[in-house]
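Student: First the structure, which I've put down as structure tokens, then a few questions once you've had a look.
The values are calculated or read from the model by the stated rules, or taken from the named source; none is laboratory data. Bear in mind the structure is a predicted one, so any value in this text is a computation, not a measurement. Quick reminder, even Gly has a Cβ in these numbers, built from the backbone with ideal geometry, and neighbours come from all protein chains shown. SASA here: full protein model, heavy atoms, side chains in, ligands and nucleic acids out. Shrake-Rupley method; radii C 1.70, N 1.55, O 1.52, S 1.80 Å.
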Amino acid sequence: MKQWLQRFMIASVAVLTLGAITSNHEIWSNFQSKDEPNEMDSTTGDSHYSIELDDSPTEFLSTPDYPIHSEEDQLLDHARSLSYEKFGQRIGPVIQDEFDSEIFPRIEAVIQTTIHNAAERRLAITEQPSGDYAEKIFHVHDKMAGQDVIRFHVRTEKRPLDGYFYNFHYHTADDGFTAHHTLGDIYWSKNTPPKWLS
């Protein structure tokens, strides 16, 4: 199978299954030739993947049953799936409604503004949200320049007498990623929240 077709198929399945089947899933080992190294046998563990959006026409792949999503839709779908990957099974169900109604529409607006302001750039989203108590959800970066454009983070804050809140914010390259641009807060409880990705 040609390399470009295999990569396109892997990315499409990952997007359609919302990340349930990733590029290192065992299903893809059947498509590799015996001469190619198997990614699943690799012991590095530091693999970083990103989804790159291509400007090539894809009308021939679109059908009424399975329409091809625009570049913007692909970025937004991937951003949503990475957010829920970061939340994990313990945090995600608790904050899902408020995240979908309050926070994610603001994330969408920031990404859409960035896409429209950066027409000549090839934007991609990082693949690995950070775990433990680290802030990173995902970063939008310029694939050509290899530099981050926007960094989306969530910080766990303990407010006296109120309890724990999740503060969603982003940083931009315009100010050197120093200023916090707040997207909103979601209340957790007075109990200590679990770690990310748990």
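Student: I'd like the distance separating the alpha-carbon centroids of the stretch 102-134 and the stretch 147-198, in whole Å.
Tutor: About 15 Å separates the Cα centre of the stretch 102-134 from the one of the stretch 147-198.
Student: I've got another one for you. Could you work out how far apart the two model spin labels at SER189 and LEU16 are, taking each label as a point 7 Å from the Cα in the direction of the beta carbon, and quote it in nm?
Tutor: Between SER189 and LEU16, the simple spin-label model gives 3.9 nm.
Student: Once you've got the Cα coordinates, tell me which of LYS158/LYS190; LYS136/LYS195; LYS86/LYS143 are over 18 Å apart. Before the final figure, lay out each step's value.
Tutor: On the way: LYS158/LYS190 8 Å; LYS136/LYS195 13 Å; LYS86/LYS143 23 Å.
Long pairs (Cα-Cα over 18 Å): LYS86/LYS143.
Student: Explain nothing, just the number: dipole magnitude of the stretch 71-192 about its Cα centre with +1 on each Lys and Arg Cβ and -1 on each Asp and Glu Cβ, in debye rounded to the nearest 20.
Tutor: In debye, rounded to 20, the stretch 71-192 gives about 420.
Student: With a probe of 1.4 Å, find how much accessible area the stretch 117-160 has per residue, and write the answer as a whole number in Å².
Tutor: Values: 2250 Å² over 44 residues.
It amounts to 51 Å² per residue over the stretch 117-160.
Student: Would you please give the residues with an amide H less than 5 Å from that of GLY184, counting only those at least 5 places away or on a separate chain, with H modeled from the backbone geometry?
Tutor: PHE168
Student: Run the accessible area of the stretch 68-184 with a 1.4 Å probe and give the carbon-and-sulfur part as a rounded percent. List each step's numbers first, then the result.
Tutor: Numbers: 2670 of 5800 Å².
Heavy-atom surface of the stretch 68-184 belonging to carbon and sulfur, 1.4 Å probe: 46 percent.
Student: Sticking with this one: Which ³J(HN,Hα) values in Hz, rounded to whole numbers, follow from the phi angles of the stretch 159-167 under the Karplus curve 6.51 cos²θ - 1.76 cosθ + 1.60, where θ = phi - 60° and Gly and Pro get x?
Tutor: 9, x, 6, 9, x, 9, 10, 9, 9
Student: Same structure again: Rounded to the nearest 0.05, what FRET efficiency is calculated for HIS181 and ASN117 with R0 set to 22 Å and r the Cβ-Cβ distance? Present the calculation step by step, with values, prior to reporting the outcome.
Tutor: Details: r = 15 Å, r/R0 = 0.67.
The value I calculate is 0.90.
Student: Where does the stretch 71-192 land on Rg/Rh, using Cα atoms and the Kirkwood Rh? Let's see the in-between values first.
Tutor: Numbers: Rg = 14.5 Å, Rh = 15.0 Å.
My calculation puts Rg/Rh at 0.97.
Student: Using 0.36 nm times the number of residues separating ARG159 and ALA109, minus their current alpha carbon distance, what extension gain do you get? Write down the numbers at each step before the final one.
Tutor: On the way: separation 50, 0.36 × 50 = 18.00 nm, distance 2.81 nm.
Gain on stretching ARG159 to ALA109: 15.2 nm.
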